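A.B. asks: The structure under discussion is supplied below as structure tokens; questions concerning it will follow.
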Amino acid sequence: DEPTAGVDPQSRHHIFESIEALKRQGKTLIYTTHYMEEAQRLCDRVAIMDGGQILALDGVDRLIETYGGGSMIEAELAKPPGSPQDLPGNLDGTRWRLSTERPFEELARIAQQGVAFHRVRVDRPDLERVFLSLTGRRLRDE
């Protein structure tokens, strides 16, 4: 339960290596954590729980595919496009954001329309986004 809470980076790395070695030996482990990046890295199957109830149980990739939503493109354009209405998503000056299932195809399509980018960032959905999607974002006092 929460094996890496309060440990230094070297100890955390050692814990990960030990768990990964046990997995390679075919051992089954039950790993409980609030750190979704750890669950995503270490676990083959994950149960998302809230209020003592299992909300979802599946493989990491399947959970992300089912509940993670699209990838988020955030880009700084070299200049505002000539026809901003032709650009999907949200445009604020030269800052453009778009949620999409196919981020690289969308970027290529937009670039072919003559839009130039200064900077592009693509955030793919992860297990933390799945957790927040299933349990909500509201802070609780429980």
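The values are calculated or read from the model by the stated rules, or taken from the named source; none is laboratory data. Just so you know, these numbers come straight off a predicted model, no measurement behind them. Cβ sites come from the backbone with ideal geometry, for glycine too, and all protein chains shown count toward neighbours. These accessible areas exclude ligands, DNA and RNA; they are computed on the full protein's heavy atoms, side chains included. Shrake-Rupley method; radii C 1.70, N 1.55, O 1.52, S 1.80 Å.
A.B. asks: Quickly run through the stretch 103-119 and pick out the residues that are touching a residue at least 12 places away in the same chain (Cβ under 8 Å) and within 21 Å of the chain's Cα centre (by Cα).
C.D. replies: P103, F104, E106, L107, R119
A.B. asks: Quick one: how many residues across the stretch 126-142 are open to solvent by 50 Å² or more (accessible area, probe 1.4 Å) and either among the hydrophobic types (A, V, I, L, M, F, W, C) or in contact with a His (Cβ under 7 Å, 6 or more places away or on another chain) (or both)?
C.D. replies: 2
A.B. asks: Here's a follow-up. Of the residues that make up the stretch 47-67, is at least one of a type outside the set (D, E) and touching a Gly at 6+ places or on another chain (Cβ under 9 Å)? Steps first, please.
C.D. replies: To start, the set of residues in the stretch 47-67 that are of a type outside the set (D, E) comprises 47-49, 51-57, 59-60, 62-64, 66-67.
Next, from what is left, pick out any that are touching a Gly at 6+ places or on another chain (Cβ under 9 Å): none.
No, because not a single residue in the stretch 47-67 is of a type outside the set (D, E) and touching a Gly at 6+ places or on another chain (Cβ under 9 Å).
A.B. asks: Given the stretch 1-103, what helices (runs of 4 or more DSSP H) lie entirely inside it while holding 2 or more residues that are exposed (fewer than 11 other Cβ atoms within 10 Å of the Cβ)?
C.D. replies: 9-24
A.B. asks: Considering only the stretch 110-125, I want to know if a residue exists there that is open to solvent by less than 90 Å² (accessible area, probe 1.4 Å), in contact with a helix residue (DSSP H, G or I) (Cβ under 7 Å, 6 or more places away or on another chain), under 16 Å from M36 (Cβ atoms) and part of a helix (DSSP H, G or I).
C.D. replies: No, the conditions are met nowhere in the stretch 110-125.
A.B. asks: Same structure, new question: Could you give me the residue pairs with C-beta distances under 6 Å whose first residue belongs to the stretch 2-19 and is β-branched (V, I, T), whose second residue is open to solvent by 60 Å² or more (accessible area, probe 1.4 Å) wherever it lies, and which are 6+ apart or on separate chains?
C.D. replies: T4/R12
A.B. asks: Here is a further query. Taking the condition free of Cβ contacts under 8 Å to residues at least 60 places away in the same chain and of a type in the set (A, V, I, L, M), does A47 pass?
C.D. replies: It is true that A47 is free of Cβ contacts under 8 Å to residues at least 60 places away in the same chain and of a type in the set (A, V, I, L, M).
A.B. asks: If a residue has to be within 14 Å of the chain's Cα centre (by Cα) and among the β-branched types (V, I, T) to count, how many in the stretch 39-93 make the cut?
C.D. replies: The number of residues fulfilling the criteria is 4.
A.B. asks: Can you pull out every residue in the stretch 13-36 that is of a type outside the set (S, T, N, Q) and more than 17 Å from D1 (Cβ to Cβ)?
C.D. replies: Residues satisfying the conditions are H13, H14, E17, E20, A21, K23, R24, G26, K27.
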